[in-house]
């Protein structure tokens, strides 16, 4: 099982590198796109290292993170809309570099890269705190409510981390038009987490009490 999981993870990782690389560099019309290489490095190097850690420490978590087929229709729509957002956003980023459309200064890309890596660190901490996390919305066997650490601050710290991750991506790529496309993500994630909470309230014991204990969903003291 471990060997199969390793090759499955490696195949998905390699496909991700290929697809993102094509979406970024093809519309740019060149491989001489420094912001593109910066983005590829900060996205895939930590992802590869995190995969190795999960493979060694928690292969069950890695397996659940690889399963991406949503069973709930509402969540499936959200995932498809997010995929369209990434497709359009990455294409626009490459075109921005190619034609110089509102290209952002290099300093903005470096600052956004720092935010991206910080968010990656938060994401890794969420994975460490909650071994029940999967890419699809579901309640697993013997799952319990996690209410400590980041989960004691907001109810959906993983989404808080992805909010920073995804909004910083187009800025790392230096594209203002792409950033405007990625502004759709807060609305998408809001719908996703509301649907997720409806499921958790009915299927996860103790979640209603947890909502009373931790009032904020995504951003402390705001929402």
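Below, the figures for the structure above:
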{"quantity": "Residues (surrounded by fewer than 20 Cβ atoms within 10 Å (Cβ to Cβ), touching a helix residue (DSSP H, G or I) at 6+ places or on another chain (Cβ under 6 Å) and part of a helix (DSSP H, G or I)) located in the stretch 168-188", "calculated": "177, 188"}
{"quantity": "Segments classed as helices (runs of 4 or more DSSP H), wholly inside the stretch 24-132, with at least 2 members that are modelled with pLDDT of 95 or more, surrounded by fewer than 18 Cβ atoms within 10 Å (Cβ to Cβ) and in contact with a helix residue (DSSP H, G or I) (Cβ under 7 Å, 6 or more places away or on another chain)", "calculated": "73-99, 106-129"}
{"quantity": "Of all residues making up the stretch 1-23, the number that are surrounded by 13 or more Cβ atoms within 10 Å (Cβ to Cβ) and either touching a residue at least 24 places away in the same chain (Cβ under 8 Å) or closer than 20 Å to residue 112 by Cα (or both)", "calculated": "11"}
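The values are calculated or read from the model by the stated rules, or taken from the named source; none is laboratory data. Quantities reported herein were computed from a predicted structural model and do not represent experimental measurements. Don't worry about glycine lacking a Cβ; one is built from the backbone with ideal geometry, like all the others, and counts go over all protein chains shown.
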